[in-house]
Amino acid sequence: MTTASSAGHSRRDFLFVATGAAAAVGAAATVWPLVSQMNPDATTIAAGAPIEVDISPIAEGQDIKVFWRGKPIYIMNRTKKQIEEAQKVNVSDLRDPQPDSARVKEGHDNWLVVIGICTHLGCIPIAHEGNYDGFFCPCHGSQYDSSGRIRQGPAPLNLPIPPYAFVSDTKIKIG
Amino acid sequence: MSGPSDFQPQNSVLKWIERRLPIFGLVHSSFVAYPTPRNLNYWWTFGGILSFMLAIQIVTGVILAMHYTPEATMAFNSVEGIVRDVNYGWLLRYLHSNGASMFFIAVYIHMFRGLYYGSYKEPREILWILGVIIYLLMMATGFMGYVLPWGQMSFWGATVITNLFSAIPYVGESIVTLLWGGYSVGNPTLNRFFSLHYLLPFVIAGVVVLHVWALHVAGQNNPAGVEPKTEKDTVRFTPYATIKDAFGLSCFMLFYAWFVFYIPNYLGDPDNYVVANPGVTPAHIVPEWYYLPFYAILRSIPNKLFGVVAMFGAILVLAFLPWLDSAKTRSSRYRPLAKQFFWIFVVVCLGLGYLGAQPPEGIYVIAGRILTVCYFAYFLIVLPLLSRIERPRTVPNSIADDVLAKGRYVASIAVAAAVAGLLMLGGGSQAQAQEHDTPNPPSLTWSFAGPFGKFDEAQLQRGYKVYKEVCSACHSMNLLHYRNLADPGGPGFSIAQATALASEIKVQDGPNDAGDMFERPGRIADKFPAPFPNENAARAANGGAAPPDLSLMAKARGYERGFPQFIFDAFAQFQEKGPNYIHAILTGFEDKPPAGVTIPDGSYYNKYFPGHAIKMPKPLSDGQVTFDDGSPATVDQYATDVSAFLMWAAEPKLEERKRIGLQVMIFLIIFAGLLYFTKKKVWANAH
């Protein structure tokens, strides 16, 4: 091509840009299902429905571990001593400041329900171990107190509380 | 791949990399500056289309492998899990299963193009042989992929194909045992086929690199069959060939999308929606359509060993083509006799494909033998002879001369007809053995038919009621969960309604802390309850015939619509054989068989059941189920509603599929239009 009018140029440029844009839109739309398929499928979501746990067999000072959505949940019936220790800590000294009252349900002070996954790198802390009458993570030595709050070691945050509610005094619903 | 590059990057980072690894230069010389004959027609775009299909198959395949379980008891259900539960799983599965067919359609066009234009001749022999190797690898990969869903056709296809090796004298049986990893096709076979099915596409990709390398050394052939002499004969690969390939590809994608979104099971066999059963062979075994010509050759020879030898020979003979056809003129355009024989050969291949789908009896066997002789005669007699006696027309002096002499669309149109023929073959693979006196079910009007089809929620709810109150006494629906009743595009129950329906059943759960099993009310995540604890119990309670699971029934039954109706079905998007058949069975009971027909004890006469003797007694009678919406309480109404319900159960993502399909088709039409005009603009400079 030797001489082309500027109008011809712009018409062609528009065509090239439109084609390129359509190709880009098509490619982006194609990527969506390819990535979306990695998310949990309908079976996994359905299996992640709330569970009910009968807590009546758990005596004072004992704990059980149940699984919800593949995560271990500690349900601990705390002793008087553990409750007192948890309540009298100076909250502002904590790495992740939270009062004990924010970590248990009102009127159910003795029941601690936490997700048993260390906030450092995901190992499972051992209950009733460590210096704080709570949890001790064997992987990298993080220690949590009887309220599941981080007190020592590399973990940055307290053990998370799963969504749960008391259905009755002896039954909780997690999720 | 085509010698040293003159590519000089400006950017300093690119320069730094290029000095150490000249990859940009390689890409530039292979796919930008590479000279391509300017007279290539659209049949030359199928190389690019094939690369695209290989990429699609690898990407979707790797993703499917993330969700698939290669274990004999779980494979079938894991595939259904992909289709039903994984986000866009239905799309990925249909892209992959139809992608295999598209891959073969493209490769057959590519091969016939090579055959017609003599692309295998000196100096492209290695290029051609590498292509034959790729084709063999594709066949192996396609076969093993078809085994993975572990349906009836998977299982029996695997059995029949692996048994081909038993024809080898002395060591055959040992080889077959080795392939199976057992005494029959079973879990070890499935495991190794999965492993190899994952491996081979990457081997194909490796051979494709060699194929492209060889291509870029010899240069592309072209419709005139004369080598480029001057620069006027060629254009740069980019933008000219790139944009032309892109336009061709976008048209091919439209074709592909039609199958994926509107007729995804058209090329498949209904029997493969029945889980593999080592005790029962389907009445009529057919391979996937792309193997049918070779299958016909196998069956034509009444000797096991020679049948197998002929079948493999039919493929291997292709590798010797460069020496069988020694004619100096490449393109059949200038070979009047070779051109005619080429088209006869195409018809022979299509004919063999058609015969491969027919039952091996009577006229079909004789026709198969004649065409088998024709197939081999083309390679072993016609081509060697033609190269000696044919007097070719004068070829153009140069490609530029060829471009100036325009107007050669006849051949292209004829090839387009051949493509349509290939498509017909695809439909042919659906052929089902039919009792000749069994009438085809009448075609009903379904709300979910056609490109805008949607399920009728009220109808699905009524159908569910019929299933629950009648069918579920004997038939399980193991793939259905109560949560599905509230899924979008389904019967439209609310979550609360589905939960209430689920809580009506008792589910055994456990063990509890004491180690005991216990019963609890059903949850929304639970499956529909099965009427019998296992298949033996179902068999014992039903006079020896276990009532089949109904989850996939609407896709697991079909009937032959015959030629040429099945071709029109591809265009009309006819996908409702299953519900038509179920409705026909449910309404086809007759109290007394017609005169002269005897039905064994414990069986019942059904007009539409193949063989007419069905073990299921007439399940529905007028007034049996009461509908809340005032629909008539008639057998016909029940049958229609439950058929629609079963169609939804078999294809729960149908609405989503058709909705996304419409968006994709609109996009592709616009995109292809844009590419067409862009291509015209780009090529305006080249003429």
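The values are calculated or read from the model by the stated rules, or taken from the named source; none is laboratory data. Keep in mind that this is a model prediction, so the values were computed, not measured. Heads up, the Cβs are rebuilt from the backbone with ideal geometry, glycines too, and the neighbour counts pull from every protein chain shown.
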Handout entry: Odd one out for residue B:686, checked against (1) of a type in the set (A, V, I, L, M, F, W, C); (2) assigned to a loop (DSSP other than H, G, I, E, B); (3) within 14 Å of another protein chain (Cβ to nearest Cβ); (4) crowded, with 18+ Cβ neighbours inside 10 Å
Key = (4)
Handout entry: Residue satisfying all of: in the stretch A:58-76; in a loop (DSSP other than H, G, I, E, B) and surrounded by 15 or more Cβ atoms within 10 Å (Cβ to Cβ); nearest to the chain's Cα centre (by Cα) among these
Key = A:69
Handout entry: Any chance residue B:582 is in a helix (DSSP H, G or I), in contact (Cβ under 8 Å) with a residue 12 or more places away in the chain and within 13 Å of chain A (Cβ to nearest Cβ)
Key = no
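Identify all residues within the stretch B:197-226 that are under 28 Å from residue B:177 (Cβ atoms) and buried (at least 16 other Cβ atoms within 10 Å of the Cβ); write none if there are none.
B:197, B:198, B:200, B:201, B:204
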Handout entry: Flag for residue B:562 being within 26 Å of the chain's Cα centre (by Cα), without any contact (Cβ under 8 Å) to a residue 60 or more places away in the chain and over 29 Å from residue B:486 (Cα atoms)
Key = yes
Handout entry: Tally, over the stretch A:80-129, of residues that are in contact with a Leu (Cβ under 8 Å, 6 or more places away or on another chain) and acidic (Asp, Glu)
Key = 1
Practice task
Please name all residue pairs, on different chains or six or more residues apart, with Cβ atoms under 6 Å, provided the first residue is in the stretch B:84-98 and is more than 7 Å from chain A (Cβ to nearest Cβ) and in contact (Cβ under 8 Å) with a residue 12 or more places away in the chain and the second residue is β-branched (Val, Ile, Thr) and assigned to a helix (DSSP H, G or I).
Solution key: B:90/B:83; B:93/B:82; B:93/B:83; B:94/B:260; B:95/B:60; B:95/B:260; B:96/B:60; B:98/B:260
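For (1) in contact (Cβ under 8 Å) with a residue 60 or more places away in the chain; (2) touching a helix residue (DSSP H, G or I) at 6+ places or on another chain (Cβ under 8 Å); (3) buried (at least 17 other Cβ atoms within 10 Å of the Cβ), each residue gets a yes or a no:
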site	(1), (2), (3)
B:150	yes, yes, yes
B:153	yes, yes, yes
B:157	yes, yes, yes
B:162	no, yes, yes
B:170	no, no, no
B:176	no, yes, yes
B:181	no, yes, no
Exercise for the section: Select from the stretch B:629-652 the residues that are touching a residue at least 24 places away in the same chain (Cβ under 8 Å) and hydroxyl-bearing (Ser, Thr, Tyr) and write down the one among them that is farthest from residue B:460 (Cα to Cα). Expected result: B:631
Fill in the blank from the handout: Taking first residues from the stretch A:148-175 that are free of Cβ contacts under 8 Å to residues at least 24 places away in the same chain and surrounded by 13 or more Cβ atoms within 10 Å (Cβ to Cβ) and second residues anywhere that are assigned to a strand (DSSP E or B) and not hydroxyl-bearing (Ser, Thr, Tyr), the pairs with Cβ under 8 Å that are 6 or more apart or on different chains are A:152/A:143
Fill in the blank from the handout: Note on the stretch B:285-306: residues of a type outside the set (A, V, I, L, M, F, W, C) and either surrounded by 18 or more Cβ atoms within 10 Å (Cβ to Cβ) or under 18 Å from the mean Cα position of the chain (by Cα) (or both) are B:287, B:288, B:290, B:291, B:293, B:295, B:299, B:300
Completion exercise
The lone condition residue B:523 fails out of (1) crowded, with 16+ Cβ neighbours inside 10 Å; (2) away from every other protein chain (no Cβ under 14 Å) is (2)
Exercise for the section: Pull up the stretch A:37-57, narrow it to residues that are modelled with pLDDT of 95 or more and exposed (fewer than 13 other Cβ atoms within 10 Å of the Cβ), then point me to the one that is farthest from the other protein chains (Cβ to nearest Cβ). Expected result: A:38
Problem - Checking residue B:504 against (1) away from chain A (no Cβ under 14 Å); (2) within 22 Å of residue B:626 (Cα to Cα); (3) out of contact with any strand residue (DSSP E or B) (no Cβ under 9 Å at 6 or more places or on another chain); (4) not hydroxyl-bearing (Ser, Thr, Tyr), the condition it does not meet - result: (3)
Handout entry: Number of positions in the stretch B:347-375 that are outside any helix (DSSP H, G or I), touching a residue at least 60 places away in the same chain (Cβ under 8 Å) and of a type outside the set (Gly, Ala, Ser)
Key = 3
Practice task
Give me the pairs, please: first residue somewhere in the stretch B:522-538 and over 27 Å from residue B:487 (Cα atoms), second residue anywhere and of a type outside the set (Phe, Trp, Tyr) and part of a loop (DSSP other than H, G, I, E, B), beta-carbon distance under 7 Å, and either six or more positions apart or on two chains.
Solution key: B:535/B:546; B:538/B:546; B:538/B:547
Practice task
Determine if the stretch B:653-675 includes at least one residue that is under 23 Å from residue B:464 (Cβ atoms), out of contact with any strand residue (DSSP E or B) (no Cβ under 8 Å at 6 or more places or on another chain), within 14 Å of chain A (Cβ to nearest Cβ) and assigned to a loop (DSSP other than H, G, I, E, B).
Solution key: yes
Problem - Residue, modelled with the lowest pLDDT, within the stretch A:1-22, restricted to residues that are in a helix (DSSP H, G or I) and facing chain B (nearest Cβ under 7 Å) - result: A:12
Practice task
Could you tell me whether any residue of the stretch A:81-99 is closer than 12 Å to residue A:158 by Cβ, assigned to a helix (DSSP H, G or I), modelled with pLDDT under 95 and not aliphatic (A, V, I, L, M)?
Solution key: no
Problem - Conditions (1) crowded, with 18+ Cβ neighbours inside 10 Å; (2) at positive phi: number failed by residue B:543 - result: (1)
Practice task
Report the residue count in the stretch B:53-72 for those that are part of a loop (DSSP other than H, G, I, E, B), in contact (Cβ under 8 Å) with a residue 12 or more places away in the chain and β-branched (Val, Ile, Thr).
Solution key: 0
Problem - From the options B:618, B:658, B:653, B:680, residue that is basic (Lys, Arg) and surrounded by fewer than 16 Cβ atoms within 10 Å (Cβ to Cβ) - result: B:680
Fill in the blank from the handout: Across the stretch B:437-496, the tally of residues that are closer than 30 Å to residue B:610 by Cβ, within 14 Å of chain A (Cβ to nearest Cβ) and either out of contact with any helix residue (DSSP H, G or I) (no Cβ under 7 Å at 6 or more places or on another chain) or in a helix (DSSP H, G or I) (or both) stands at 1
Practice task
Answer yes or no: is there a residue in the stretch B:105-114 that is within 20 Å of the chain's Cα centre (by Cα), under 24 Å from residue B:148 (Cα atoms), surrounded by fewer than 23 Cβ atoms within 10 Å (Cβ to Cβ) and within 11 Å of another protein chain (Cβ to nearest Cβ).
Solution key: no
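So which of B:595, B:633, B:540, B:639 is assigned to a helix (DSSP H, G or I), out of contact with any helix residue (DSSP H, G or I) (no Cβ under 9 Å at 6 or more places or on another chain), over 30 Å from residue B:256 (Cβ atoms) and among the small types (Gly, Ala, Ser)?
Only one candidate passes the filter, namely B:540.
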